[in-house]
Structures are given as C-alpha cells and as structure tokens.
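The values are calculated or read from the model by the stated rules, or taken from the named source; none is laboratory data. These numbers were taken from a predicted model, which means no experiment stands behind them. We place every Cβ from the backbone using ideal geometry, glycine too, and count neighbours over all the protein chains shown.
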Amino acid sequence: MNISNSLKLFEETQAVIPGGVNSPVRACKSVGCTPLFIERAQGSRIYDMDGNEFIDYVGSWGPMILGHRHPEVIKLVEFVLSQGTSYGAPTVLELRLAELIVEAVPSVEMVRMVNSGTEATMSAIRLARGYTGRDAIVKFDGCYHGHADTLLVEAGSGVATLGIPGSPGVPNAFVEKTISLPYNDIGAVKAFMDRQGDEIACIIVEPVAGNMGCVPPEPGFLETLREETEKHGTVLIFDEVMTGFRVAHGGAQALYGITPDLTCLAKIIGGGLPVGAYGGRRDIMEKVAPQGPVYQAGTLSGNPLAMAAGVATLKQLKEPGFYEKLAEKAKRLAVGLQGAAVVNGVSATFTQVGSMMGMFFTDRPVRNFEDAKTADLTLFSNYYRAMLERGFYLAPSQFESLFVSAAHTEEDIDETVRAAAVVFEMLTKE
Ligand code: PMP
C-alpha cells in the first residue's frame, strides 16, 4: 500500500503539533503504524490522501452511526451554514436537539449542551458534587470519561493504550477524591459503599464499557449501582458518550432498564460535529447556572452547525427497526469473525452489544480491565496492520471498540470476515 503522502504530511505535522496528532491514539504508535491522513469519506468508506480506500469501522470513534455524509445530515448542515455559523445566543435548533434527547433517553428531563464528552462528564461531576455537597467520586478501572483531571485515574482508551497510570500535570490533591473500583465487581461496590457511601458524591460508569475494548455489564452490576447509590444519597451518572443512541435508541439505560440520575452524551448526538451534553433529573439539573448555583458555560455551546448535524442524525434513528437492523449486521460480523478465529485456531474472545463490538486476543472471558489486559497486544498489532493493508480501517488499539454503521452493507461485512479469515490463518503460521 502506498502511503507516501501520509508519511510526508505526518513528518511535517510533527513539527507543529505534538506527536503529529490532535488526540493520542490517532498516532497509531502501539500498533507500529503511522497515521493515515484522510481526504474524505462516503457511506461505509474512508479515503486517505494517497487514494487508498478502506471500509471504516472507526466511524470517527463512534459518532458516524449513519455512515459518512448521510444526505439528510448534509442537507440540514448546508442549510444552516447558509444562515450563519455562530451567534452565542439561543436558536431553535438547540431546542429541537434537546427535545429529541429528552424524548429518547429515559433519565433525561432537562439537558445542557456542551462541546465534547470530556466537558459533559466534567460538568456532570461538578453538578453531582454541588448537588450533594460531597467531594469524593467513584469510577471503574478501564472506563474512560474524557481527560479531565479527576477522571484519568486507572483510565481506559488512550491512557490504557499508552500503558500509563494517569498523567503528569494532575495534582495529587485533585485525584485524592477519586476512587477506582474493578468493573463488574458487585462485591467490591457493596463493600466500598457500606464503608464510605455517605461520603460519595457520585458513581460514574460506562454502562457498557467501550474504552477497554467492549465489555458488557454482567447481570446485576448496574442494578447494584442503582441500589447502592439510592441507599446512600449518591448521584448515579451513566457516561453514555459512546453508548448513547448507539446500543439502543434510549442508550444502555433503556436496554438494561436501569435509570441513572444523570447521563452524559456526545458523539452520535453531534452527528460528526463537536457536541456533548449532560442531562438528567429535573431537580438536579435545576442546580445548573443560571437557574441554580453550579457554574458551567461555553462560547460555542449549542453551535448551530453542530445542533443541525445532531438533529438530522437523531431524526433518522427514530425509523422503526433501525436498531434491530443494525444489531443484526453487527451480529453477522461478530459471528463471522468468531467462526474465522475458531477455524484457524486463534484464541479470541468476542463481545457485542448492538452495533458496538470488541475482539480480544485472549482465551479467557473479558469482564473487566484485568481480563482485557491479558490480550496478546503483539497479535493485535499484526492483525491490525494486515487488515489495514487489505482495506479495513479499525481502531488502532486493543482497548477500543469497533462500530458498525447503517451504511455498512452485508457485502461489506462478508468481505471483512473473508479478509479476517485469511489474516487469522496467516497469523497462526507466523
Ligand atoms: N466518555 C466516554 C465513554 C468516551 O468514550 C469518551 C471518548 N471516547 C469520552 C467520555 C470523552 O469524549 P471526548 O473525546 O468527546 O472528550
């Protein structure tokens, strides 16, 4: 594969942008690659600056559930663009996006727009602290909630990919109040909450973990979080930045029937433009400024172009059968890959919730970060590179999820499975 234009651009970019990328995992370092510079994308395909074409399973790390350049999204964004780009004042589009979110997500009675998932979780935690008057928070090992100071402890995604425990530049005092527990460990949650529950402002969790690879919640885990937080007056926050409008129209909370107090959203609700949001119970959300005393603000929050992409995307997701069709396609991929792995004697564990998937090169079930870390990272790197070479664009880390979009065809899926089978066979011979 010729990637000479990407290589040249990467070299130039490294001189002016740290590591040549604006977000660490994009550097593709852990899989021994350099990033491809992207020119354009359409439907299920993405094209680099050397004219290479790939079937895209990254989907901009989650937002592109409709695939790239969905005509309805492009149409509304172009219309809004013709009116102006930013006013720093309310628009009807903010109202429409808020209504679409409130209608779909069970816990959300009121919602505030921000610009990223990081801002959403950071603001939700401030709100939980302001509401309860408590400082300490609980998160789970391997869950990633963005890069805010208090949330990098034992984090997933890029922090896991780079194998670092947290980050320099985060004062100890900021993380003293962050407690991280093992994911899916009901006993650990109960024991901890018995001891310290009354001091905890919030428990924040990815209801389906997506940043240590895809790790679904075991039966009873989310239920326990709900029960324990209720018992101790602690706010339960579902970080649905990845799972919101992804695993079901109402997110993981609708799928599992557990309603948190606050929910964080981003990715899909922005349809590929920068958006985040946090929302939840009215009595808690009423504490947000200017209605209440908990301050949070943003120059570009509710940006018209971003709202337009979000509104157009969420409208498409209301189509009857949308999520069933998507999950069927993802299942076809998961079952196909699993079969190919078995036939070729590759030890791999597969996870799938709706159109979100994980594949770990390990022979044990993956129920938490410890299990995920047993995956063979060298094997993953070899798999990643061989798939890229054959025209399949996957997330360049074992600790990320794979996304199927409405634009993927059955033929795309079957082509992917056929290529993976060839790659598995090759890997076992190496
Ligand atoms: N929470 C979760 C669950 C995420 O997956 C991410 C990003 N992958 C974030 C928060 C942070 O979002 P952003 O990158 O938009 O700041």
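So the values come out like this:
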item: Number of positions in the stretch 31-79 that are assigned to a helix (DSSP H, G or I) and within 16 Å of the ligand (Cβ to nearest atom); result: 3
item: Matching residues in the stretch 212-257 - criterion: being touching a residue at least 40 places away in the same chain (Cβ under 8 Å) and of a type in the set (Gly, Ala, Ser); result: Gly213, Gly233, Gly244, Ala248, Gly250, Gly251, Ala252, Ala254
item: Hits in the stretch 225-247 (condition: more than 11 Å from the ligand (Cβ to nearest atom) and buried (at least 21 other Cβ atoms within 10 Å of the Cβ)); result: Leu225, Glu228, Thr229, Thr234, Val235, Leu236, Phe245, Val247
item: So Lys318, is it at pLDDT 95 or above, among the basic types (Lys, Arg), at negative phi and assigned to a helix (DSSP H, G or I); result: no
item: Some residue of the stretch 274-294 being closer than 23 Å to Lys325 by Cα and within 16 Å of the ligand (Cβ to nearest atom); result: no
item: Residue in the stretch 383-399 that is of a type in the set (Ser, Thr, Tyr), over 28 Å from Glu154 (Cα atoms) and in contact with a strand residue (DSSP E or B) (Cβ under 9 Å, 6 or more places away or on another chain) present; result: no
item: Residue in the stretch 254-264 that is outside any helix (DSSP H, G or I), under 12 Å from Tyr131 (Cα atoms) and not aliphatic (A, V, I, L, M) present; result: yes
item: Criterion: under 30 Å from Val311 (Cβ atoms), of a type in the set (Phe, Trp, Tyr) and crowded, with 17+ Cβ neighbours inside 10 Å - qualifying residue of Phe54, Phe10; result: Phe54
item: Residue selected from the stretch 1-35 under the condition within 21 Å of the chain's Cα centre (by Cα) and aliphatic (A, V, I, L, M), by the criterion nearest to Val417 (Cα to Cα); result: Val31
item: Every pair of residues 6+ apart whose Cβ atoms lie under 6 Å, when the first sits in the stretch 143-172 and is in contact (Cβ under 8 Å) with a residue 12 or more places away in the chain while the second is more than 13 Å from the ligand (Cβ to nearest atom) and among the small types (Gly, Ala, Ser); result: Leu152/Gly166; Leu152/Ser167; Val153/Gly166; Val153/Ser180; Glu154/Ser180; Thr161/Ser30
item: Members of the stretch 353-369 that are farther than 22 Å from Ala330 by Cβ and touching a Phe, Trp or Tyr at 6+ places or on another chain (Cβ under 9 Å); result: Asn368, Phe369
item: Condition check for Ile55: touching a Ser or Thr at 6+ places or on another chain (Cβ under 8 Å) and hydrophobic (A, V, I, L, M, F, W, C); result: yes
item: Matching option when the condition is part of a loop (DSSP other than H, G, I, E, B), modelled with pLDDT of 95 or more, touching a strand residue (DSSP E or B) at 6+ places or on another chain (Cβ under 6 Å) and buried (at least 23 other Cβ atoms within 10 Å of the Cβ), among Gly302, Gly298, Gly279, Gly272; result: Gly302
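This table checks each residue for (1) assigned to a helix (DSSP H, G or I); (2) surrounded by fewer than 20 Cβ atoms within 10 Å (Cβ to Cβ).
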residue: Ala341; (1), (2): yes, no
residue: Gly345; (1), (2): no, yes
residue: Thr374; (1), (2): no, yes
residue: Phe380; (1), (2): yes, no
residue: Arg385; (1), (2): yes, yes
residue: Glu400; (1), (2): no, no
residue: Ser405; (1), (2): no, no
residue: Glu415; (1), (2): yes, yes
residue: Ala420; (1), (2): yes, no
